[in-house]
Each structure stands twice: as C-alpha cells, then as structure tokens.
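Working notes, structure below.
Coordinate-derived values only; no laboratory data. Please read these numbers as outputs of a predicted model, since none were measured by experiment. Please note: Cβ atoms are built from the backbone with ideal geometry, for glycine as well, and neighbour counts cover all protein chains shown.
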Amino acid sequence: MPRFAVAFMTPSTSGQLIHRIIEGENRDSALKDFFNESASEFYSNDEQGFYYFKEDFFDESTPGGSIIEV
C-alpha cells in the first residue's frame with residue numbers, strides 16, 4: 001500500500017506543525033485518515049469539517065499543509 005508524508009500547520013494561535021506517515025490506497029484516503037487521526041479537533045468531525053480541512057490544506061495563497069508520496 002502506498003505511503004504518504006503529510007504535514008499540517010494547525011489553525012490555532014500556537015500554529016503547531018503535525019507530521020505523520022500515513023498508508024492509504026490513494027492521496028485522498030490518506031488525507032482522510034490524517035484528518036480523522038490528527039486534525040479533526042480543529043474542525044467539525046464530519047464530512048463538512050473534512051471539506052473545510054481540505055480547503056485550508058490546499059489553499060493556493062496560504063496552504064496549511066503538504067502531502068507527498070514516499
């Protein structure tokens with residue numbers, strides 16, 4: 001199964017960086033697992049929260065995260 005390195009800057013005042021290696025079938029499933037395990041506390045823990053997470057994660061002006069296959 002492919003592995004992905006995911007890094008995310010939390011949208012809190014402390015701006016903590018969370019970095020994990022996640023296994024997943026594809027990039028979207030790895031990102032969903034990362035959200036469920038590490039980022040859902042900053043968003044509502046549902047599909048709408050995941051939508052906003054991805055929107056922040058891939059924001060072109062100030063992206064909140066990065067994902068690469070390793």
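Modelled this way, with points 7 Å down the Cα-to-C-beta line, the labels at Val70 and Ala5 are 0.6 nm from one another. In angstrom, the C-alpha Rg and Dmax of the chain are 11.3, 35. To the nearest ten degrees, helix 47-57 and the longest principal axis of the Cα atoms of the chain are 90 degrees apart. Magnitude of the charge dipole for the chain, about its Cα centre and with charges confined to Cβ atoms of Lys, Arg (+1) and Asp, Glu (-1), is about 220 debye.
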